[in-house]
């Protein structure tokens, strides 16, 4: 028995193979990462803004962990820390009997710097999760069904009600520096923001050549939306003059 395959049959098989490979590449290169991101978002908890590297809060955390002899509830070898983690550790250590006066000052500064996380118990709503009905009170009903309002207090309002939340007695023009660590604050039930200016200036006086300097100016913004989504951004402008050896190294490149 003999079988004959026409050129049309071979071409159709080849086309089907190419189409299958193309669809597979589209799925794994585009839709598969999107699907994983969606699944991760639904099963992950919202995290607060990270603590910028170089902050003095890192030194305070290391000092408290070493002096207490207890491990922090997060991995201190992995940076950056979130502001909520640092504030929770400071609140946990605040009642320790071995604290010195300097330790208490450091803890107070940490809580000032992260005053949007000073309430006991951080929010743990997942990004794709609806808040359970037991956290709502039914206040009415319409054609679409029951009408609820939130039973629990928004987290930012709980922070503002905490005794760890410090306020300035005399804010500048009512709005600026209403709290010691933030130039401008905005606190709403479902939105909060912190705005701070950034200034960094340094200069040197070398024996030879023009004096090097650095002049940085900018603004830092962080905040959160509905205890689910958090953001952090820095916008800076930098002007600098480098030392002679740096300029020589750059010119060789």
Cβ-derived FRET efficiency at R0 45 Å, residue 215 paired with residue 98, nearest 0.05: 0.55
Residue 244/residue 56 FRET efficiency (R0 45 Å; Cβ-Cβ; nearest 0.05): 0.90
Residue 195-residue 105 FRET efficiency (beta carbon distance; Förster radius 22 Å; 0.05 resolution): 0.30
P(r), alpha carbons of region 160-253 - 5 Å bins starting at zero, rounded %: 3, 10, 14, 15, 14, 10, 8, 8, 7, 7, 4, 1
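Bear in mind these aren't lab numbers, they're just calculated from the coordinates by the rules spelled out. Just so we're clear, the structure is a prediction, and the values are computed from it rather than from any experiment. So basically every Cβ, Gly included, is an ideal-geometry build from the backbone, and we count neighbours across all protein chains shown.
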